[in-house]
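Engineer: Okay, here's the structure, questions in a sec.
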Amino acid sequence: MQRVLVILGFLVAVGLLSAGVWSYGYRQALSQLSEKAEADLELAADRLTTQMQVYQELAVLMASHPVLQQLVTPQQRRRAQAVLLDVADKTAAVNMIYLDPKGQVLAAAQPLVSRNMADDLAFRRAMQGALGSAHGVVPISGDRIYSYAAPTFDAAGRVIGAVMVIADVQDVEQTWRGSTEAVFFIDGEGVVFISNRSDLLFWRRVEGQQGLVPTEGADVDFASTWVGPHELWKLNWGRYLPNRALHLMLELPVIDMTAEVLVDVAPARRLAGLQAATVAAICLAFGALLFLATERRRTLAEANAVLESRVAKRTRALTAANTALRREVHERQEAEAALKHAQEELIQAGKLSALGQMSAGISHELNQPLMAIRQFADNGAAFLARGRDEKASENLRRISDMAARMARIIKNLRAFARNESEPMGKVDLVQVIDTAVELTEARLKSEGVKMNWQPPNNPVFAWGGEVRLVQVFVNLINNAADAMSQQDERLISISVKNGKKLAVTVRDIGPGIENTEKLFEPFYTTKAVGSSEGMGLGLSISYGLVQSFGGKIRGANAQTGAEFTVELESYQEDEAA
Ligand SMILES: Nc1ncnc2c1ncn2[C@@H]1O[C@H](COP(=O)(O)OP(=O)(O)OP(=O)(O)O)[C@@H](O)[C@H]1O
Ligand SMILES: [Mg+2]
């Protein structure tokens, strides 16, 4: 809306400016036109008056010609006539007449219709001793003529006659036929007597009016206005006269006429129009450029604003996403911590479960040496009483051995059951398997399971945590024993392969694995549900533990029985550094 108003305002301003330029240009052009027209008019008037003066002077000169003083005999008259004809021919006068004071023609260059010219205005004035002049129309031919009459005097100074020179107006007009401007001369009665536009001849100016009319009382288009010092006529007087014209007047008292000119103002209007149009075009072009520039800036600003709002929106979205992500990360961290906690609890539960399985065997294992110790102590006391010190000390040594063995078993159990995080590092794999075998030994012995375990001569070091590795192998041995519980022959073989990676294989001769796919899933068990025997956690815990050492655990069926392989990273000295 505002833009439309600005554009309208601009257009109005351009219109006003153009109008001003037009007006100024028009006046300037009119002034120039006026100067030229004035010069033209003066030239035309000069020509006319000069021409007329020639005939006027001719009349005066001829008045004192000697041949006209004596006109009595026909011979004298013929001579005078010949002179007049000669002069008339040479000066292009229509006629030259010599008249007596009564107006009778005494001699004439051309024959005349009327022999008396007593009524002629010019003649009458000459009879008064002055130079007379007149103009009019020849009745039959319709030629416009003007005449001069000069008196002739006798020796006493009385008027004895007059010489009349008659000239044709058309001869004068001829000289400015080519002139483009319409020039006309109005006589004392207000009638157009001479003009280079024949249409205008005999038009008249009614008293008190500016324009002209063809005949008195007739009505023609006419209006007169003033533009500055210039008078403009608006008319519709035929195709040879301009519709709008600059009107100039020049009084010519010598010949008692007014010279007037009508100059077409169309060129001035065209020039002013051209100037105004040029100014308008320049202004409009400039305005258009300005408009385009502002439009461009506006669209740029709009695009910028859109972009900025988009960026802001995007930033908001990103910030929101960021906070959401942070929250998620936090939740994940919490979940991870919870998981870790749960895993630790699970490991502990797994250990306790394994201990549960082994508890019968262990209590038997501890009970037996206890009974033996009691026996050895009793025997020792008896030997002492009998004074057999040697036997008594031997018994004491055995007691000590057994106590040491019990202490070792208890130490192992305590370490196994302890619920504390243990650092990872260098682990003696043979030692680990020894401990696992030792822990399960009691159970295996009570169930009649044979153990085939030949530790290698050289120590094998793996990367891991000792107690947790023990837990893995206790699990595997317990599972193998469980699998073979329904058969008579029971054998577990453990072997260690020391290659690029360390691999421990635990093999049994049981019925084999039912479902190798689900083996490591938590709570997958084929053992009686709810019984203390199986929770389905042993292998899943072992899996997690081995993985945490960067190793792998696999279960597969061998030709007879199942075979579990634990792969571990061998311990490199530089890793510890
Ligand atoms: N040596 C094996 N021979 C045959 N099947 C086995 C053997 N070891 C494991 N399995 C199968 O894998 C299952 C899962 O063993 P896992 O040790 O995870 O649980 P579990 O022994 O049943 O219970 P627990 O939680 O007491 O260990 C066992 O129930 C058994 O079906
Ligand atoms: Mg198990």
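Engineer: Six or more apart or on different chains, Cβ atoms under 6 Å: show the pairs whose first residue is in segment 540-562 and more than 19 Å from Gly465 (Cα to Cα) and whose second is more than 11 Å from ligand 1 (Cβ to nearest atom).
Structural biologist: Going by the 6 Å Cβ cut-off, the qualifying pairs are Arg554/Thr565.
Engineer: Hey, Ser421 hits all of (1) hydroxyl-bearing (Ser, Thr, Tyr); (2) more than 26 Å from Pro455 (Cα to Cα); (3) without any contact (Cβ under 8 Å) to a residue 40 or more places away in the chain but one; which does it fall short on?
Structural biologist: (3)
Engineer: Could you count how many residues in segment 531-568 are over 18 Å from Met484 (Cβ atoms) and within 11 Å of ligand 2 (Cβ to nearest atom)?
Structural biologist: Going through segment 531-568 one residue at a time, the tally reaches 6.
Engineer: Scan segment 465-494 residue by residue and report those that are charged (D, E, K, R) and away from ligand 2 (no atom under 13 Å from the Cβ).
Structural biologist: Glu466, Arg468, Asp488, Glu489, Arg490
Engineer: Moving on to the next point. Restricting to segment 220-279, give me the number of residues that are among the β-branched types (Val, Ile, Thr) and in contact with a Ser or Thr (Cβ under 7 Å, 6 or more places away or on another chain).
Structural biologist: Going through segment 220-279 one residue at a time, the tally reaches 3.
Engineer: Within segment 511-526, can you find the residues that are at pLDDT below 85 and either in contact with a helix residue (DSSP H, G or I) (Cβ under 6 Å, 6 or more places away or on another chain) or within 8 Å of ligand 1 (Cβ to nearest atom) (or both)?
Structural biologist: Pro522 - this is the single residue of segment 511-526 that is at pLDDT below 85 and either in contact with a helix residue (DSSP H, G or I) (Cβ under 6 Å, 6 or more places away or on another chain) or within 8 Å of ligand 1 (Cβ to nearest atom) (or both).
Engineer: Based on what the data block shows, is Ala462 of a type in the set (A, V, I, L, M, F, W, C), assigned to a strand (DSSP E or B) and either within 14 Å of ligand 2 (Cβ to nearest atom) or buried (at least 18 other Cβ atoms within 10 Å of the Cβ) (or both)?
Structural biologist: yes
To keep it simple, each residue is scored yes or no on (1) more than 8 Å from ligand 1 (Cβ to nearest atom); (2) more than 60 Å from the chain's Cα centre (by Cα); (3) under 29 Å from Glu345 (Cβ atoms).
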| site | (1), (2), (3) |
| --- | --- |
| Ser485 | yes, yes, yes |
| Lys500 | yes, yes, no |
| Val504 | yes, yes, yes |
| Ile509 | yes, yes, no |
| Leu539 | no, yes, yes |
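Engineer: Please identify the pairs in which a residue from segment 229-240 that is modelled with pLDDT of 85 or more has its Cβ atom under 8 Å from the Cβ atom of a residue that is assigned to a strand (DSSP E or B) and acidic (Asp, Glu), counting only partners at least 6 apart or on another chain.
Structural biologist: none
Engineer: Report every pair of residues separated by at least 6 positions or lying on different chains whose Cβ atoms are under 6 Å apart, first residue within segment 272-289 and in contact (Cβ under 8 Å) with a residue 40 or more places away in the chain, second among the polar types (S, T, N, Q) and part of a helix (DSSP H, G or I).
Structural biologist: Listed pairs, sorted by first residue: Ala276/Ser18; Val279/Ser18; Ala280/Ser18.
Engineer: Going through segment 495-530 one residue at a time, which ones are among the aliphatic types (A, V, I, L, M) and either away from ligand 2 (no atom under 16 Å from the Cβ) or buried (at least 18 other Cβ atoms within 10 Å of the Cβ) (or both)?
Structural biologist: Passing the criteria: Val496, Leu502, Ala503, Val504, Val506, Ile509, Ile513, Leu519.
Engineer: Next question. For segment 340-377, enumerate the residues that are of a type in the set (Val, Ile, Thr) and either surrounded by fewer than 14 Cβ atoms within 10 Å (Cβ to Cβ) or within 24 Å of Ala407 (Cβ to Cβ) (or both).
Structural biologist: Those that are of a type in the set (Val, Ile, Thr) and either surrounded by fewer than 14 Cβ atoms within 10 Å (Cβ to Cβ) or within 24 Å of Ala407 (Cβ to Cβ) (or both): Ile362, Ile373.
Engineer: Only one of Met96, Met52 is part of a helix (DSSP H, G or I), surrounded by 15 or more Cβ atoms within 10 Å (Cβ to Cβ) and more than 60 Å from the chain's Cα centre (by Cα). Can you tell me which?
Structural biologist: Result of the check over Met96, Met52: Met52.
The values are calculated or read from the model by the stated rules, or taken from the named source; none is laboratory data. Predicted model, so just to flag it, every value in this text is computed and none were measured. As a convention, Cβ positions derive from the backbone with ideal geometry for all residues, glycine included, and neighbour counts pool all protein chains shown.
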